[in-house]
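Asks: Handing you this structure, nothing more for now.
The values are calculated or read from the model by the stated rules, or taken from the named source; none is laboratory data. The model shown is predicted, which means the values in this text are computed figures rather than measured ones. Here the Cβ positions follow ideal geometry from the backbone for every residue, glycine too, while neighbour counts run over all protein chains shown. Surface areas here come from the heavy atoms of the whole protein model, side chains and all, with no ligands, DNA or RNA. Shrake-Rupley method; radii C 1.70, N 1.55, O 1.52, S 1.80 Å.
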Amino acid sequence: MSTFGERVKETRIALKLNQVEFSKALGISRQAISNIECDKSIMAISNLQKLCDLYNINLNWLVSGVGSMFNNTNNNDQ
């Protein structure tokens, strides 16, 4: 199973963003992204939520590796 950092990198690549673009979208430094992707540091909860909200990422998948990367956008919640 992949690590949290590997899933962050996988997400960034799936979104076709480089580390600079990704870090700007999240409001953190490129070095912070690099450290997270290499499992040298963890992502703040506020940044986890921002990442999931901005790109429709499944928080459960991001944290645990369970489920799909993206949330299902075909639901009919009202």
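Asks: Just need a number here: residues in the range 1-32 that are touching a residue at least 12 places away in the same chain (Cβ under 8 Å) and of a type in the set (Gly, Ala, Ser).
Replies: Total meeting the criteria: 5.
Asks: Hey, another quick one. Name every residue in the range 31-62 that is closer than 17 Å to Thr3 by Cβ, among the charged types (D, E, K, R) and in a helix (DSSP H, G or I), in order of residue number.
Replies: Glu37, the sole residue that qualifies.
Asks: Moving on to the next point. If we scan the range 13-24, do we find a residue that is among the polar types (S, T, N, Q), over 19 Å from Asn71 (Cα atoms) and out of contact with any helix residue (DSSP H, G or I) (no Cβ under 6 Å at 6 or more places or on another chain)?
Replies: Yes, the range 13-24 has at least one match.
Asks: Kindly list, by first and then second residue, each pair from a residue in the range 36-63 that is at positive phi to a residue that is outside any helix (DSSP H, G or I) and of a type in the set (S, T, N, Q), limited to pairs with Cβ atoms under 6 Å and residues at least 6 apart or on different chains.
Replies: That search, which allows pairs on different chains as well, returns Asp39/Thr3; Asn56/Asn71.
Asks: Let me ask you something else. Say we look at the range 6-34 and pick out the residues that are of a type outside the set (D, E, K, R) and over 19 Å from Asp53 (Cβ atoms); which of these is surrounded by the most Cβ atoms within 10 Å (Cβ to Cβ)?
Replies: Among residues in the range 6-34 that are of a type outside the set (D, E, K, R) and over 19 Å from Asp53 (Cβ atoms), the one surrounded by the most Cβ atoms within 10 Å (Cβ to Cβ) is Gln19.
Asks: Quick one: is Lys40 touching a Ser or Thr at 6+ places or on another chain (Cβ under 9 Å), loosely packed, with under 15 Cβ neighbours inside 10 Å and of a type in the set (Lys, Arg)?
Replies: yes
Asks: Among the residues of the range 56-66, are any farther than 21 Å from Lys24 by Cα, modelled with pLDDT under 95, out of contact with any His (no Cβ under 7 Å at 6 or more places or on another chain) and open to solvent by 80 Å² or more (accessible area, probe 1.4 Å)?
Replies: no
Asks: In a helix (DSSP H, G or I) and not acidic (Asp, Glu), is that true of Val20?
Replies: Taking the combined requirement at face value, the residue satisfies it.
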